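Notes for the one structure printed next.
The values are calculated or read from the model by the stated rules, or taken from the named source; none is laboratory data. What you see is a predicted model, and the numbers here were worked out from it, not measured in a lab. No Cβ is skipped: glycine too gets one built from the backbone with ideal geometry, and neighbour counts run over all protein chains shown. SASA here: full protein model, heavy atoms, side chains in, ligands and nucleic acids out. Shrake-Rupley method; radii C 1.70, N 1.55, O 1.52, S 1.80 Å.
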Amino acid sequence: VNKKNVFDKQTGEYVKTVDFHLTYPYAYGCLVDTLASDGDELDCYVITDQKFEHSSIVECEPIGMVEYFEDGQADHKIFMIPTGETGEVTDEVKKQLLEFDAHYFEGQPNKKTKVGDFLGRESALIEIGKAKLLN
């Protein structure tokens, strides 16, 4: 997928889809009705081989998260799997996401990112709970 959806930060409503210079390694989106500390909905990767239409709402379960920092601000990513599927955050998943991150902001020399620890389901549930409290 090399498209990125843009949403209105105030209403959460879909605005547009733009072409993106990279192909996301997994379906990428956000958890509806959350508000993360960066002011956006909580970001997530859906770890599956399924293909989804842009702007689809997919029922998922959290399986983990990765600490992620953009310009010093937390912007953690939740790992999800579609309800009814099984999956895990393998070393291959971690490698693909680290490679993707290494090139995400190419061409933006002032942008600083850092990938922290890969954490389990309990950490993801805590992060989701904090994001729902902010909303």
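Have a look at the DSSP beta bridges in the chain and tell me what percent are antiparallel, nearest 5. The partial results should precede the final answer.
Details: 22 of 26 bridges.
Approximately 85 percent, going by the DSSP bridge assignments.
For the pair Glu88/Leu125, report the inter-label distance in nm, with labels modelled 7 Å from Cα in the Cβ direction.
1.9 nm
Note down the net charge around Thr34, summing +1 for each Lys or Arg and -1 for each Asp or Glu among other residues with Cβ under 12 Å from its Cβ. Could you put the intermediate results ahead of the total?
Numbers: positive: Lys130, Lys132; negative: Asp33, Asp38, Asp40, Glu41, Asp43, Glu127.
Spelling it out: positives minus negatives among the neighbours equals -4.
Just the number please: accessible area per residue for the stretch 32-123, 1.4 Å probe, all protein chains included, in Å².
Working: 5470 Å² over 92 residues.
Dividing the accessible area of the stretch 32-123 by its residue count gives 59 Å².
Could you grab the relative contact order for the chain? Cα pairs under 8 Å, six or more apart, rounded to a whole percent. Intermediate results must be reported in sequence, preceding the final value.
On the way: 235 pairs, mean separation 34.3, N = 135.
Dividing the mean separation by the residue count of the chain yields 25 percent.
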